[in-house]
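The values are calculated or read from the model by the stated rules, or taken from the named source; none is laboratory data. This one's a predicted model, so the numbers in the text were calculated from it and none came from an experiment. Cβ coordinates were reconstructed from backbone atoms using ideal geometry, including for glycine residues, and neighbour counts include every protein chain displayed. Just so you know, the surface numbers come from the protein's heavy atoms only, side chains and all, with ligands and any DNA or RNA stripped out. Shrake-Rupley method; radii C 1.70, N 1.55, O 1.52, S 1.80 Å.
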Amino acid sequence: MHKKLFIPGPVDVRPDVLEKMAAPMISHRGKAATNLQKSISEKMQKVFQTKNTIVLSTTSGSGLMESAIRCCTAKRAAVFSIGAFGDRWYKMATANGVPADKFRAEDGQATDPKQVDEVLATGKYDLITVTHNETSVGIMNPVAEIAEVVRKYPDVIFCVDTVSSMGGADIPVDKWGIDFCITSTQKCLGLPPGLSIASVSERAFQRAQTVPNRGLYLDIVEIYNKVKKDDKYQYPSTPSLSHMFALDYQLDRILEEGLENRWNRHAEMAEVVRAWARKHFALFSDERYLSNTLTTVKNTRGISVADLNKALGERGFEISNGYGDLKEKTFRIAHMADAQMEDVKAVLAAIEEVLGL
Ligand SMILES: *Cc1c(COP(=O)(O)O)cnc(C)c1O
C-alpha cells in the first residue's frame, strides 16, 4: 500500500506528473532539448520572480548549494544557520577548503537581521548564506528584512536556500536581491528527487570567474556559460531529461493554479496544522517565524513518535520524526506541494485516532 507522505520531501507526486518521467528519450544536444530547457527556464523565472539566469543540475538541491558557496566565495563566507540545513552549508565550505564562519541560532529561532548587519560590517565576508525555510525545525526566516541589510553591502554575494519553500511561499528573488537562490524538485514543486534548480545573478557569475578551483561538475561558470551560449539552454553534461519532461509539465500546473493561490493554500494548511498542534501538543519553534510548508510539533505528551508513525503507516499515512537530536522530542508534518486541505485534515484525524485524543 502506498503511504500518503506528510514528510518534508520527497512529497507525493501526482500520477500524471509521474507519467511524464516515462516519456521516450531525446538527444540532449538537439533542438527539442533546447526548447524543453528554454521552456522550463522561462516558467521557472516566474516561480522565482526573477530575470536572473535559471540553471538546472542533475543533483539534489545540495549540489547547487555546494556550487554556490564553493564557486562564489573569493574571500570568506558567513554562514547563517538555524538548523541542520544551514549547518550543511558550513560543512560544504570546509569540505571544499572555502574559508567560512558559522553563525548559529538555537534550534527553533530565526536568523536575526541585526546580527547579519554586525557580521557583514566587519568587512571580512564577501558571501553570505541564509536558509529561507529551515526544514529541521520548521522556521521561515525573515528574508525580506535580511535582504534590506545585505543591500548595504554591495560586494557580498547573497545565497539563499529555498529548497523546502520555493513554490510554496512568496520568495521574490529580484526584489530581495538574491544572487544565488537554490531549490530542488522533491519538495514544494511536487516532483521526484533528482534535480536542483537555481537562479544565478550576473554578479554571482562575475564573482565566480575570479575564484580559482571551482571544481568541474558543479562549476557555475561552466554551467552558466553553457546555458547562455547561443541561446541554446544546454548543459555541460547529460542532464536528467526525464525530470525535465515532468518539470516542464508540472510548472504549467503550478502556473495554472496561480502562484498566489498556491502560496495561500500552503498558508491555510499551515494554519490548520498549527491550531491542531496548539490544541493537542505545542509548537516547537518561535511563533513569529513559523514555516508555511511544514510544522514542527513539540512532543509535550512524551509519546513514542516511532510508534505513532508505525500506526499511521497501517492507516496509509507517513509523517516525519524530529530531525537529528530532536528525533523523539518533536515530530514534523509537512503540508507542501500538491497536498490539499482534506489530506491534511485526514492525517490529523488519523493521529487523533491513534493517540486517542
Ligand atoms: C531538503 C533540504 C535540503 C537538501 O536538499 P536535497 O535536495 O536533499 O539535496 C537543503 N535545504 C533544505 C532547507 C532542505 O529542506
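Miscellaneous remarks
- Unsatisfied cross-links (Cα-Cα over 20 Å) in the set K298/K327; K279/K329; K51/K232; K4/K298: K4/K298
- Surface composition of the stretch 290-357: carbon and sulfur atoms hold 45% of the protein heavy-atom accessible area at a 1.4 Å probe.
- Between I157 and L127, I128, the built amide H atoms are under 5 Å apart, and every one of these is 5 or more places off in sequence or on another chain.
- Solvent-accessible area per residue for the chain (1.4 angstrom probe, square angstrom): 40 Å²
- For the stretch 25-42, the Karplus equation 6.51 cos²θ - 1.76 cosθ + 1.60, evaluated at θ = phi - 60°, returns couplings of 6, 10, 5, 6, 9, x, 4, 5, 5, 4, 4, 4, 5, 5, 4, 4, 4, 5 Hz by residue, with Gly and Pro reported as x.
- Anchor K228: aspartates and glutamates whose Cα lies under 14 Å away (excluding residues fewer than 8 positions away in-chain): E42, E202
- Couplings for the stretch 126-141, taken from phi via the Karplus curve 6.51 cos²θ - 1.76 cosθ + 1.60 with θ = phi - 60°, read 10, 7, 10, 10, 9, 9, 5, 10, 8, 6, 6, 10, x, 10, 10, 5 Hz in order; Gly and Pro are left as x.
- From most to least packed by mean Cβ count within 10 Å, the peptides 22-29, 325-332, 225-232, 120-127 give 325-332, 120-127, 225-232, 22-29.
- Less than 5 angstrom separates the built amide H of T330 from those of N299, G322, all sequence-distant by 5 or more or on a different chain.
- Relative to the current alpha-carbon distance between L355 and K31, full extension at 0.36 nm per residue lengthens the span by 111.0 nm.
- Prolate/oblate/rounded label for the stretch 1-148 (Cα gyration tensor, a/c 1.5): prolate
- Sorted peptide list for 68-75, 287-294, criterion being average Cβ within 10 angstrom, highest first: 68-75, 287-294
- Sorting 158-164, 240-246, 277-283 by average packing, meaning the other beta carbons within 10 Å per residue, from highest down gives 158-164, 240-246, 277-283.
- Residue-by-residue Karplus 3J(HN,Hα) for the stretch 84-98, coefficients 6.51, -1.76, 1.60, Hz, glycine and proline x: 4, 7, x, 4, 4, 5, 5, 4, 4, 4, 5, 5, 9, x, 8
- Each Cα pair under 8 Å and six or more residues apart adds its separation to the average, and for the chain the resulting relative contact order is 24 percent.
- When a 1.4 Å probe is rolled over the protein heavy atoms, the share of accessible surface on the stretch 19-255 that falls to carbon and sulfur comes to 50 percent.
- Once both labels are positioned 7 Å from their Cα atoms along Cα-to-Cβ, the gap between E256 and Q115 label points is 4.4 nm.
- In this rough spin-label picture, where each label sits 7 Å from Cα along the Cβ direction, the Q206-S39 distance is 3.5 nm.
- Close amide-amide hydrogen proximity is noted between A282 and K298, T300, each under 5 Å apart and 5 or more residues distant or on a separate chain (H modeled in the peptide plane; Pro and chain starts excluded).
- Cα gyration tensor shape of the chain, rounded if a/c is under 1.5, else prolate or oblate by comparing a/b with b/c: oblate
- Gaussian network model of the chain, springs between alpha carbon atoms under 10 Å - residue of P212, P113, P192 with greatest fluctuation: P212
- Over the residues of the chain, the helix contribution to mean residue ellipticity at 222 nm works out to -13000 deg cm²/dmol, using -39500 (n - 2.57) for each DSSP H run of at least 4.
- You can think of it this way: the chain between S242 and K91 has 51.3 nm of extra reach, that is 0.36 nm per residue less the Cα-Cα gap.
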